[in-house]
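> The structure follows.
The values are calculated or read from the model by the stated rules, or taken from the named source; none is laboratory data. The shown structure was predicted, so the numbers you read here are calculated from the model rather than taken from an experiment. Note that each Cβ is placed from the backbone with ideal geometry, even for glycine, and that neighbours are counted across all protein chains shown. Quick note on the areas: whole protein, heavy atoms, side chains included, nothing else; ligands and nucleic acids left out. Shrake-Rupley method; radii C 1.70, N 1.55, O 1.52, S 1.80 Å.
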Amino acid sequence: MPPMLPVRPFSAVRLADVLTSSLASLQAAPNALGLPPAAKAVVVLADGLGVSSLRARAGHARFLTGHLAKTDVVDGVFPATTAAGIASLTTGTAPGTHGLVGYKVLDLANDRVVNQLTGWDAAMEPLTWQNQPTVFELATAAGIASFAVGPKRFAGSGFSGAVLRGAAYVSAETMAMRFAAAREIFDTEPSALVYLYVPELDINAHAHGWESGRWLAQLEALDAETARFAGGLRQDEGLILTADHGVVDVPAAKQVLFDTVPELVNGVRHIGGDPRCLQLYTEPEVDADALAEAWRAVEGERAWIFTRAEAVELGLFGLVRPEALTRIGDVIVAARKLVAYYDSREPNQSARSMIGQHGSLTDEELRVPVLRLGAYRR
């Protein structure tokens, strides 16, 4: 059976174009988003705020949805996961180019799976693991001050070193404090590029689901803070609100313990990715095509299944640089239905408590807003 391919091509403008276009606007240069010239720009990254969830709760986010045009919806990245999405935003490149090709990926040199958000150590150096220049480095080279505003716990992390280098990190614990910090930067810098990170929605989606009251409270807070900030924007100040991915809620009854089917794990050496986008790494002698066919026979109605070669040929990871190729799974299992895949042999089963999930190719996970305000409002 041939692989179940995605139902549509990716959008022409993507998440990777957002921050690069913002920098171009500060240089009065043409850009993919068609942004007009501005002196200062802030890009707000609301982790996990997919368009489908935003529209479904439009009554609780009247400001955001009131400014969201049909043309302000784009595709994020595949896999639809934070490490890949933020790296694409801040480098302007596809996951295959910046190399953060999933949540957990193979570090071939050390024969291990590494967490791209929290697993950085001496053997995974940010500058070489992610060797593309960031938009912040490009801004600095152009004489434009750049800043990253987010919680203190992310300052100095390996992931921040990989994707935020070149930006001055400003710690601010609450959503309101982060917007206040951005306003202070705008008030003190003649020209500035600001990245503002909002993790609260994603955190609550994982723990409680995006349909929960706790997620909704964070959406209302984001709506209010964005409206307040936008109301104070001056003529030469632009704001874009976007996201790295969307979220679906997967009930516990829809968890698939794939290791209980022997043919799905025979010859699999490492398991990476997300529960909705597994990346399977085989033993050297194992035929990836045969493993993919085994998966299609069992899970072909619930998942898109690709070999690495098929995924690369389809352009799912964009342009793939050679050193990133081995980080991509030999076989990729991307959930098509409302399921999540788990390995019951894993000693730590805490991930199975997550309700909100993401990683795959569905519209709910891929489609993100690119909402334009201030100088960027059309």
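> Does residue 196 fit the bill of being open to solvent by less than 20 Å² (accessible area, probe 1.4 Å), within 25 Å of residue 144 (Cβ to Cβ), modelled with pLDDT of 95 or more and not in a loop (DSSP other than H, G, I, E, B)?
yes
> Sticking with this structure for a sec: Which numbered condition trips up residue 109, out of (1) part of a loop (DSSP other than H, G, I, E, B); (2) open to solvent by 10 Å² or more (accessible area, probe 1.4 Å); (3) farther than 22 Å from residue 16 by Cβ; (4) hydrophobic (A, V, I, L, M, F, W, C)?
Single failed check for residue 109: (1).
> Can you tell me which residue among 220, 237 is among the charged types (D, E, K, R) and either out of contact with any Lys or Arg (no Cβ under 6 Å at 6 or more places or on another chain) or open to solvent by 10 Å² or more (accessible area, probe 1.4 Å) (or both)? Can you show your working first?
Details: 237 fails: either out of contact with any Lys or Arg (no Cβ under 6 Å at 6 or more places or on another chain) or open to solvent by 10 Å² or more (accessible area, probe 1.4 Å) (or both).
Only one candidate qualifies: 220.
> Shifting gears a bit: Restricting attention to the range 334-363, and to residues there that are at pLDDT 95 or above and among the polar types (S, T, N, Q), which single residue is most open to solvent (accessible area, probe 1.4 Å)?
353
> Of all the strands (runs of 3 or more DSSP E) wholly in the range 205-287, which have at least 3 residues that are within 30 Å of residue 92 (Cα to Cα)?
Values: elements: 237-242, 255-257, 268-274, 277-282.
Fully inside the range 205-287 and qualifying: 237-242, 268-274, 277-282.
> Just checking, which of 224, 253 is of a type in the set (A, V, I, L, M) and touching a residue at least 24 places away in the same chain (Cβ under 8 Å)?
Working: 253 fails: touching a residue at least 24 places away in the same chain (Cβ under 8 Å).
Answer to the check: 224.
> Which residues, counting only those in the range 149-184, are in a helix (DSSP H, G or I) and farther than 21 Å from residue 223 by Cα? Show your work before the answer.
Filtering the range 149-184 for residues in a helix (DSSP H, G or I) gives 152-154, 158-163, 175-184.
Hits for the range 149-184 are 152, 153, 154, 158, 159, 160, 161, 162, 163.
> Sort out which residues of the range 340-361 are closer than 15 Å to residue 80 by Cβ and in contact with a Lys or Arg (Cβ under 7 Å, 6 or more places away or on another chain), and write them in order of number.
340, 357, 358, 359, 360
> Quick one: is residue 189 touching a residue at least 60 places away in the same chain (Cβ under 8 Å) and surrounded by fewer than 17 Cβ atoms within 10 Å (Cβ to Cβ)? Break it down into steps so the answer makes sense when it comes.
Working: touching a residue at least 60 places away in the same chain (Cβ under 8 Å): yes; surrounded by fewer than 17 Cβ atoms within 10 Å (Cβ to Cβ): yes.
So residue 189 fits the description; yes.
> Now a separate question. Counting just the residues of the range 275-293 that are of a type outside the set (S, T, N, Q) and under 21 Å from the mean Cα position of the chain (by Cα), which one comes out surrounded by the most Cβ atoms within 10 Å (Cβ to Cβ)?
Here the residue is 278.
> Next up: Residues that are aromatic (Phe, Trp, Tyr) and either without any contact (Cβ under 8 Å) to a residue 60 or more places away in the chain or open to solvent by 20 Å² or more (accessible area, probe 1.4 Å) (or both): which helices (runs of 4 or more DSSP H) entirely in the range 1-96 hold 1 or more of them? Show your work before the answer.
On the way: elements: 16-26, 51-56, 62-66, 82-91.
Of the helices (runs of 4 or more DSSP H) lying wholly inside the range 1-96, those with at least 1 residues that are aromatic (Phe, Trp, Tyr) and either without any contact (Cβ under 8 Å) to a residue 60 or more places away in the chain or open to solvent by 20 Å² or more (accessible area, probe 1.4 Å) (or both) span 62-66.
> Quick test of your reading of the structure: residue 124 fulfils all but one of (1) crowded, with 18+ Cβ neighbours inside 10 Å; (2) modelled with pLDDT of 95 or more. Name the failing condition by number.
Every condition holds for residue 124 apart from (2).
> To continue, here is another question. Any idea how many residues of the range 208-217 are in contact (Cβ under 8 Å) with a residue 40 or more places away in the chain, closer than 22 Å to residue 177 by Cβ and open to solvent by 20 Å² or more (accessible area, probe 1.4 Å)?
Count: 1.
> Also, quick follow-up: If a residue must be open to solvent by less than 30 Å² (accessible area, probe 1.4 Å) and either on the phi > 0 side of the Ramachandran plot or of a type outside the set (S, T, N, Q) (or both), how many such residues does the range 294-314 contain? It would help to see each step written out before you state the result.
Taking the range 294-314 and keeping what is open to solvent by less than 30 Å² (accessible area, probe 1.4 Å), we get 294-296, 299-300, 303-307, 311.
Within this subset, residues satisfying the condition of being either on the phi > 0 side of the Ramachandran plot or of a type outside the set (S, T, N, Q) (or both) are 294-296, 299-300, 303-306, 311.
Residues flagged as open to solvent by less than 30 Å² (accessible area, probe 1.4 Å) and either on the phi > 0 side of the Ramachandran plot or of a type outside the set (S, T, N, Q) (or both) within the range 294-314 amount to 10.
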